[in-house]
Structure formats: structure tokens, C-alpha cells
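Enquirer: The structure that follows is given in the form of C-alpha cells.
The values are calculated or read from the model by the stated rules, or taken from the named source; none is laboratory data. This structure is a prediction, so every number in the text was calculated from the model and none was measured. Backbone-built Cβ (ideal geometry, glycine too); neighbour counts: all protein chains shown. Calculation scope for accessible area: heavy atoms of the full protein, side chains included, ligands and nucleic acids excluded. Shrake-Rupley method; radii C 1.70, N 1.55, O 1.52, S 1.80 Å.
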Amino acid sequence: MSDKPKKTRFLTIDQAAEELNVKQSLIRSLIRSGELRAIQVGGRAIWRIGANDLEDYIAEAYRRTAECVAAGELKDDGEADAEQA
């Protein structure tokens, strides 16, 4: 028997939200928009996100952020909040 912990292939919406430190509703929105790949298991709205798909989403988010920084378009949370007021 191996002492290595078993790598989880799929995550629940709750686990993906915890990994990104966001609400479950954001994960559902990302799935609905197609930004985050997921599969529906069975017919009862049981969703699973591939661990690799979550890593791909994170890598793409880093890439987009780097582009925004390079273009001088990145706003911090305070600036975004001020615009919404």
C-alpha cells in the first residue's frame, strides 16, 4: 500500500469555491458562462470540476491579469468600489 495521499480528480462546487476563496454562487456563474469547465453527474444537478480544469482556470486568470497590468488597466478593490458608488 502506498503512503502517498490519493489525488482528487474531481472537486465539488464547494471544494472549488474553497480553493479559490470565493462563494459557491461565483463558481456556478463561472460554470454557466463556460469560463470554468465542469461536468454534470447524473440528472440531479450534481456538478464536478476537474482538478486540472480548475488549475487551467487559475492559469488563465493569471495570464489575463498580467495583460491588464502590462496595459495599465488593473484597478485595485478600492478603485472598483469607488466607481460603483
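Enquirer: Using a probe radius of 1.4 Å on heavy atoms only, what accessible surface per residue do you get for segment 1-68? Whole Å² is fine. Provide the component values of the computation, followed by the final result.
Expert: Numbers: 5460 Å² over 68 residues.
Result: 80 Å² of accessible area for each residue.
Enquirer: List the residues whose amide H sits under 5 Å from the amide H of residue 10, counting only those 5 or more places along or on another chain, with H placed 1.01 Å from N in the peptide plane.
Expert: The list, which skips near neighbours in sequence, is 51.
Enquirer: What does the net charge come to around residue 50 if you take all other residues with beta carbon closer than 10 Å to its beta carbon, with K and R at +1 and D and E at -1? Could you put the intermediate results ahead of the total?
Expert: Values: positive: 9, 37, 48; negative: 53, 55, 56.
Surrounding charge for residue 50 is 0.
Enquirer: If you place +1 on the Cβ of every Lys and Arg, -1 on the Cβ of every Asp and Glu, and leave all else neutral, what size is the dipole of segment 25-78 about its Cα centre, to the nearest 20 Debye?
Expert: Numbers: 8 positive and 9 negative charges, 86 e Å.
Approximately 420 debye in magnitude.
Enquirer: Residues with beta-carbon under 15 Å from that of residue 31, excluding residue 31: net charge, scoring Lys, Arg +1 and Asp, Glu -1? Don't skip to the answer; put the middle values down first.
Expert: Details: positive: 23, 28, 32, 37, 48; negative: 14, 19, 35, 53, 56, 60.
My count for the surroundings of residue 31 gives -1.
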